[in-house]
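Worksheet for the structure shown next.
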Amino acid sequence: MNIQVLGAHNCESQSSKLISLLIGDVLAIDGGALTSSLSFPAQQKLKAILLTHQHYDHIRDIPTIAMNFFLRESTINIYSILPVYNALATHLLSGEFYPNFLECPEGNPTIKFTIIEPRKIEQIEGYSILAAEVNHTITTVGYQITSPDGKIVFYTGDTGPGLADCWKYVSPQLLIIEVTVPDRYEEFARRTGHLTPSLLKQELISFRELKGYSPEVVVVHMDPRLEKEIKAEIAVVAKALGSSINLAYEGMQLRL
Ligand SMILES: [Zn+2]
Ligand SMILES: [Zn+2]
């Protein structure tokens, strides 16, 4: 399984893009950096987009990629939970700001939206997909992706502490997990449903206790202005746990 990090951050600038992952050529997770990162031919290879939740940094490029598919008279499949569908249908894709690609063109809309249920395995573009609820300020799911050759990655989306229940349902070789701010922002992280390096450490300890092994870890969704501090604290956590933990960056290629 090849995974490309299109956007690794929670804020956008010339040098940082919003969160988005590409699995192989055909599957993307979260839509923060789809049109801003992918060429037109690469966009056209996409078959499906999985969304973790409706916060803007995760859905920002959905209208723009839908426009590119619409203009080429092609369609794209989007999968997520019901609250995400409702948010897109009533706000971003309501037709008030841009065309309603959930309904137009009439009879063959550009976006084919499928509502999925957590903890129910779906077969999507050759991958086996399991959505698992995490702990954010709104309903959010992470996605476990299993490739046809049995390689397994779990991406949490945005989450705060308290993943012990989630760990029961997933068994990844590679864990892509958020760490948004450094330790001195712990109160902010708990209030806004995010992780710091120390909070990540607790989650990784609970994973190891429950599952009996430690996955390789890649950290995403960093606040770019605080990234140096996050990186230094992550290095301390990795050493303490004897684990491989790396910070993602735009263009990072991961192979399983
Ligand atoms: Zn969020
Ligand atoms: Zn976010």
* **strands (runs of 3 or more DSSP E) contained in region 58-143 and holding at least 3 residues open to solvent by less than 40 Å² (accessible area, probe 1.4 Å) and over 21 Å from LEU18 (Cα atoms)** => 127-133
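If the requirement is being touching a residue at least 12 places away in the same chain (Cβ under 8 Å), in contact with a Ser or Thr (Cβ under 9 Å, 6 or more places away or on another chain) and not in a loop (DSSP other than H, G, I, E, B), which of these qualifies: LEU34, LEU22? It would help to see each step written out before you state the result.
On the way: LEU34 fails: not in a loop (DSSP other than H, G, I, E, B).
Every option except LEU22 fails the conditions.
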* Asked: Could we say that SER16 is modelled with pLDDT of 95 or more, within 15 Å of ligand 1 (Cβ to nearest atom), small (Gly, Ala, Ser) and surrounded by 18 or more Cβ atoms within 10 Å (Cβ to Cβ) here?
  -> no
* Would you point out which residue out of SER198, SER206, SER214 is of a type in the set (Ser, Thr, Tyr), open to solvent by 50 Å² or more (accessible area, probe 1.4 Å) and over 16 Å from ASN10 (Cβ atoms)? => SER214
* Give the number of residues within region 171-195 that are surrounded by fewer than 22 Cβ atoms within 10 Å (Cβ to Cβ) and of a type in the set (Val, Ile, Thr). => 1
* Somewhere in region 147-170, is a residue assigned to a strand (DSSP E or B) and either open to solvent by 10 Å² or more (accessible area, probe 1.4 Å) or within 13 Å of ligand 1 (Cβ to nearest atom) (or both)? -> yes
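The values are calculated or read from the model by the stated rules, or taken from the named source; none is laboratory data. Every value quoted in this text rests on a predicted model; they were computed, and no experiment measured them. Quick reminder, even Gly has a Cβ in these numbers, built from the backbone with ideal geometry, and neighbours come from all protein chains shown. Note: accessible area is taken over every heavy atom of the protein model, side chains too, but ligands, DNA and RNA are not part of it. Shrake-Rupley method; radii C 1.70, N 1.55, O 1.52, S 1.80 Å.
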